[in-house]
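Worksheet for the structure shown next.
The values are calculated or read from the model by the stated rules, or taken from the named source; none is laboratory data. This structure is a prediction, so every number in the text was calculated from the model and none was measured. Cβ: placed from backbone, ideal geometry, glycine included. Neighbour counts: every protein chain shown. Please note that ligands, DNA and RNA were not included when accessible areas were found on the heavy atoms of the full protein model with its side chains. Shrake-Rupley method; radii C 1.70, N 1.55, O 1.52, S 1.80 Å.
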Amino acid sequence: MYNFRKIENKWQERWEKEETFKAKDDFSKPKFYGLVEFPYPSGAGMHVGHIKAYSGLDVIARLRRMQGYNVLFPIGFDAFGLPTENYAIKTKTHPRIVTDKNIENFTKQMKKVGFAFDYSRTIDTTQESYYKWTQWIFLKMFEHNLAFRDKTLVNYCPSCKVVLSNEDSQGGKCDICHNEIIQKEKDVWYLRITDYSEKLLEGLKDVDYLPNIKLQQENWIGKSNGAFVWFDLTNTSDKLKIYTTRPDTLFGVTFMVIAPEHPLIEKNKDKILNMDEINVYREVTRKKTEFERIELNKEKTGVKIDGILAINPVNGKEIPIYVSDYVMLGYGTGAIMAVPAHDSRDYEMARKFNIDIIPVIDGDISYEAYTEDGKMINSGFLNGIDNKKEAIEKMIAYLEENKIGKRAVQYKMKDWAFNRQRYWGEPIPIIYCDNCGMVAVPYDELPLKLPEIKNYEPGTNGESPLAKIPEFVNCVCPKCGKNAKRETDTMPQWAGSSWYFLRYIDPFNDKELADYDKLKYWLPVDWYNGGMEHVTRHVIYSRFWHHFLYDIGVVPTKEPYAKRTAQGLILGPDGDKMSKSKGNVIDPNDIVDSYGADTLRAYVLFMGEYSKESPWNDDAIKGVSRFLDKVYNLKDKVNDKLEYSKNLEIIINKTIKKVSEDYEAMKFNTAISALMQLTSSYAECDEITKADYLVLLQLLCPIAPHITEELNELLGNKQMLVDSKFPVYDASKVLDEEIEIAVQINGKLRDTIKVKKDATKEEVLALAYESDNIKRHLENKKVVKEIVVLGRIVNIVAKDA
RNA sequence: GCCUGAGUGGCGGAAUAGGUAGACGCACAGGACUUAAAAUCCUGCGAGAUUCAACCCUCGUGUCGGUUCAAGUCCGACCUUAGGCACCA
């Protein structure tokens, strides 16, 4: 094996000394901004997943540099967060110390793998000079009424003593400690991301994200078109406002359902005859988490309200109202019109409570709801229409004309719960004053620093540890000068990661978040790669912040990322997700030590399709290692005096084409295959030219930068390979003179023939008929059709004579 | 339940627009080199039938149908599996 240790150390030192990958603000050159999701610097160090994520874009960044772009490829650390804090609680070590140690370790490891990062721009979200601007953005949002407090039922983790967003508590369990969460009423900070629903949806039209990523974003926003309808009630002057996507089925409404928390109940409690029964049901519901309400409650439950009926505005029918937990207060209006004939949930509910089912669309409803399209029946003025869209439009027009409803759009996305009762996060820069209410910390007092603290455990009542420090809590109101108290909650980890890519552009600016001209040059991020698990939350949160910053004139683009891709997971050798408990974790350090960084990089890119998950295989690394050895050993075949080798011309051009196209599509596995084949072709020659060898090195350089730089130097080249021009193929030299094509009879392969690349249809056919095997198969048969696809295939259709 | 992927040799995986299924790699087997081993190099490697052997032939990309001269690829139904979302009205 070649001496990878010596070679890799040498080039890593040289890159560092010469600041090879330091991005320059040279506005005259075309730019490329490549971004990878910055890591959380955990104590465990780097994971092979990080290697795959960074290697992929490292290839692209080096490629773009070789194509003449001014490249920015930065790295940093998303260092606030719970694991560090929990570690601090356990070991009584300050999170600052733990964080610094972990960052140092990560940096050392990343350098050993030879990523072309610009380390001079490294930022970490816990630096005061960084979170000053995170707080600044928050205050701007507060100023624009996008940060607000609200009393709501929240997901509360009794163990972590923190409030969690819905996204953090999926499965009814705390994302961090995995204990059960409960519902608790609390004052919560929200960011009004819902104000940006439409913009975030619209913006997707202008970006190049992988289709499934785009789809996930769309689903998260969850736009639906429908209508509000107001139902009159008996016994009360109140009206019941509902939201529906199917106003066309209004004639089929046989009952209404409202959420147990619906204010109508409390307001009309003196008119409801079975308040006790309803209260019991509401109490049961209250104890359920949102997850349980939607996930475990397969069997419909509910209570019919006695004393109040609803009146269907289109036909005047009086219908019952039920309270049921399958309707959520947080979506739509917290009340629905139920059409059991054409909605499966309503159908179940009607079956359980023996409610009428009236079909309004012609179809079979004997076993289940009919949810397909069809002809309208039992529907007054809609009868006979068999187009859903037309029926909906006609109904909306009717509703609006009679002022009993109107067209409406709803979004699934909810506002973003933004506070945590934790120490290791950005303090929320707000002051509570008895006189003035909520007051922002003045901008010139930012950053509002995290105070030194001895005990990191949360307060007893679910309060932040900061609440226990009087020197922090007690302050003076910036407005009136009277004594006041500070907000003691901190921001979630997503805050810092929502804008970090902006700071890389101008990391040392202490006047503003980043210089506008620099932002104008570098934005948008041209290519952002990261994990599939972040494509909904992180990407949408950071897009939201970016849209906001655009609206207030801080950044020059609406969208932050022009292109987003995601890499697939590396599974353990057993095919399961890697985890400490399963003991199937692969440590990248071990691989670097025994095979070298180039082999590790090439292997993670070779193991399968980049965007898909594939299991780790210790044996398979050998194949990649052997390949690099072969490339290395080829150096002995180079003959300086040899000038031209025509026999390799075609395969070289083919390979350049294949590799260039594959890199763009992140099909690194097939690019490496092609390079392996080129290497084999070289190995078959007695000698190769310098130029031919250089092409191989250049094509391989983005994947295996150390060994290729070394070999380039051995060739006598002074200029670094990464500064050379990436090869371009000659389109006239990618096809062999003679190509092999298949000859089929009735679709079955019977022979292959060699033809000239520009052979005509007649020539090809003539050759095909000359084949003995073809002749034999055509005996006693009559040819009825001949299909020739030039360059590909001949198919002769023959019947028994 | 809904949405989105995926299902191809012993294994990881290839296969622009339908056009020679199994590239490339691993493992395995045989051979060369070696005192020997490792390393390296060469050859073979989907299953089956037949044959001294080769050619040749049959079957084969989760299952069942369909479209087509031709289907891993397109269409329909289903099964398995991964991820995401969720009584979202």
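Within region A:499-510, which residues are open to solvent by less than 20 Å² (accessible area, probe 1.4 Å) and either free of Cβ contacts under 8 Å to residues at least 60 places away in the same chain or of a type in the set (A, V, I, L, M) (or both)? Scanning region A:499-510 gives A:L502, A:I505, A:D506.
Quick grid of which residues meet (1) open to solvent by 90 Å² or more (accessible area, probe 1.4 Å); (2) touching an Asp or Glu at 6+ places or on another chain (Cβ under 7 Å); (3) of a type in the set (S, T, Y):
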site: A:I365; (1), (2), (3): no, no, no
site: A:A369; (1), (2), (3): no, yes, no
site: A:E372; (1), (2), (3): yes, no, no
site: A:K375; (1), (2), (3): yes, yes, no
site: A:S379; (1), (2), (3): no, no, yes
site: A:D386; (1), (2), (3): yes, no, no
site: A:E400; (1), (2), (3): no, no, no
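Name the strands (runs of 3 or more DSSP E) wholly inside region A:420-478 in which the number of residues that are in contact (Cβ under 8 Å) with a residue 24 or more places away in the chain is 2 or more. Correct list: A:430-433, A:437-440.
Applying the criterion of being within 15 Å of RNA strand B (Cβ to nearest atom) and of a type in the set (D, E) to the residues of region A:309-344, the residue that is nearest to A:K403 (Cα to Cα) is A:D343. Specify which of the listed residues (A:Y610, A:Y603, A:Y541) is within 12 Å of RNA strand B (Cβ to nearest atom), among the aromatic types (F, W, Y) and part of a helix (DSSP H, G or I). Of the residues listed, the single one that is within 12 Å of RNA strand B (Cβ to nearest atom), among the aromatic types (F, W, Y) and part of a helix (DSSP H, G or I) is A:Y603. Selection of region A:613-646 for residues being of a type in the set (F, W, Y), within 10 Å of RNA strand B (Cβ to nearest atom) and either at positive phi or outside any loop (DSSP other than H, G, I, E, B) (or both) yields only A:F627. Within the set A:M666, A:M578, A:M676, the sole residue that is surrounded by 15 or more Cβ atoms within 10 Å (Cβ to Cβ), more than 9 Å from RNA strand B (Cβ to nearest atom), within 34 Å of the chain's Cα centre (by Cα) and at negative phi turns out to be A:M578. Remark: pairs (first residue in region A:211-224, free of Cβ contacts under 8 Å to residues at least 12 places away in the same chain and at positive phi; second residue among the aromatic types (F, W, Y) and within 9 Å of RNA strand B (Cβ to nearest atom); Cβ separation under 6 Å; 6+ apart in sequence or on different chains) are absent. A single entry from A:I739, A:I796 fulfils the requirement of being β-branched (V, I, T) and near RNA strand B (Cβ under 8 Å from one of its atoms): A:I739. Given the conditions (1) away from RNA strand B (no atom under 16 Å from the Cβ); (2) at pLDDT below 95, and given that A:V555 satisfies all but one, which numbered condition is not satisfied? Unmet for A:V555, out of (1) away from RNA strand B (no atom under 16 Å from the Cβ); (2) at pLDDT below 95: (2). Scanning region A:445-464 turns up no residue that is open to solvent by 30 Å² or more (accessible area, probe 1.4 Å), of a type in the set (S, T, Y), out of contact with any Ser or Thr (no Cβ under 8 Å at 6 or more places or on another chain) and modelled with pLDDT of 90 or more. All of (1) within 27 Å of A:K403 (Cβ to Cβ); (2) within 13 Å of RNA strand B (Cβ to nearest atom) hold for A:Y347 with one exception: (1). Among the residues of region A:544-572, those identified as outside any strand (DSSP E or B), open to solvent by 10 Å² or more (accessible area, probe 1.4 Å) and hydrophobic (A, V, I, L, M, F, W, C) are A:I552, A:V554, A:A562, A:L569. A search for C-beta distances below 8 Å between a residue of region A:179-191 that is more than 28 Å from A:F544 (Cα to Cα) and any residue that is modelled with pLDDT of 70 or more and open to solvent by 70 Å² or more (accessible area, probe 1.4 Å), counting only pairs 6+ apart in sequence or on different chains, returns nothing. When restricted to residues that are within 24 Å of A:A116 (Cα to Cα) and not in a helix (DSSP H, G or I), region A:676-721 contains 10.
Those strands (runs of 3 or more DSSP E) of region A:123-221 in which 2 or more residues are surrounded by 18 or more Cβ atoms within 10 Å (Cβ to Cβ) and at pLDDT 70 or above occupy A:147-157, A:182-191. Among residues of region A:65-87 that are acidic (D, E), those with a beta-carbon under 7 Å from a residue that is open to solvent by 30 Å² or more (accessible area, probe 1.4 Å) at least six positions away or on a different chain give the pairs A:D78/A:Y40; A:D78/A:Q493.
With the condition kept exactly as written, say whether any residue in region A:78-95 is surrounded by 21 or more Cβ atoms within 10 Å (Cβ to Cβ), of a type in the set (A, V, I, L, M, F, W, C) and part of a strand (DSSP E or B). Within region A:78-95, none of the residues are surrounded by 21 or more Cβ atoms within 10 Å (Cβ to Cβ), of a type in the set (A, V, I, L, M, F, W, C) and part of a strand (DSSP E or B). Across region A:222-237, the qualifying residues are those that are more than 6 Å from RNA strand B (Cβ to nearest atom) and part of a loop (DSSP other than H, G, I, E, B), and the one among them that is surrounded by the fewest Cβ atoms within 10 Å (Cβ to Cβ) is A:S237.
At least 3 residues being open to solvent by 50 Å² or more (accessible area, probe 1.4 Å) is the threshold, and among the strands (runs of 3 or more DSSP E) wholly inside region A:722-801 those reaching it are A:748-756, A:781-789.
Beta carbons closer than 8 Å, at least 6 apart along the sequence or on distinct chains, pair a first residue in region A:765-780 that is within 15 Å of A:K754 (Cα to Cα) with a second that is open to solvent by 70 Å² or more (accessible area, probe 1.4 Å) for A:L765/A:E786; A:Y769/A:K775; A:S771/A:R750; A:N773/A:R750; A:I774/A:R750. Quick check: anything in region A:272-284 in a loop (DSSP other than H, G, I, E, B), near RNA strand B (Cβ under 10 Å from one of its atoms), over 30 Å from A:V207 (Cα atoms) and touching an Asp or Glu at 6+ places or on another chain (Cβ under 8 Å)? No, because not a single residue in region A:272-284 is in a loop (DSSP other than H, G, I, E, B), near RNA strand B (Cβ under 10 Å from one of its atoms), over 30 Å from A:V207 (Cα atoms) and touching an Asp or Glu at 6+ places or on another chain (Cβ under 8 Å). For region A:149-160, indicate whether the set of residues that are under 19 Å from A:Y456 (Cβ atoms) and touching a Pro at 6+ places or on another chain (Cβ under 9 Å) is non-empty. Within region A:149-160, one or more residues are under 19 Å from A:Y456 (Cβ atoms) and touching a Pro at 6+ places or on another chain (Cβ under 9 Å). A:L699 meets the conditions (1) modelled with pLDDT under 95; (2) touching a Pro at 6+ places or on another chain (Cβ under 7 Å) in every case but one. The failed one is (1).
Scanning region A:704-721 for residues being acidic (D, E) and open to solvent by 20 Å² or more (accessible area, probe 1.4 Å) gives a total of 2. In this entry, A:T670 is excluded by the filter for residues that are closer than 29 Å to A:Y528 by Cα, of a type outside the set (A, V, I, L, M) and touching a residue at least 24 places away in the same chain (Cβ under 8 Å). Evaluated against (1) open to solvent by 10 Å² or more (accessible area, probe 1.4 Å); (2) within 30 Å of A:F148 (Cα to Cα); (3) in a loop (DSSP other than H, G, I, E, B), A:R407 falls short on exactly one condition, (3). Take region A:32-71 and flag every residue that is open to solvent by 30 Å² or more (accessible area, probe 1.4 Å), under 18 Å from A:V604 (Cα atoms) and modelled with pLDDT of 90 or more. Once the filter is applied, which keeps residues that are open to solvent by 30 Å² or more (accessible area, probe 1.4 Å), under 18 Å from A:V604 (Cα atoms) and modelled with pLDDT of 90 or more, region A:32-71 yields only A:H50.
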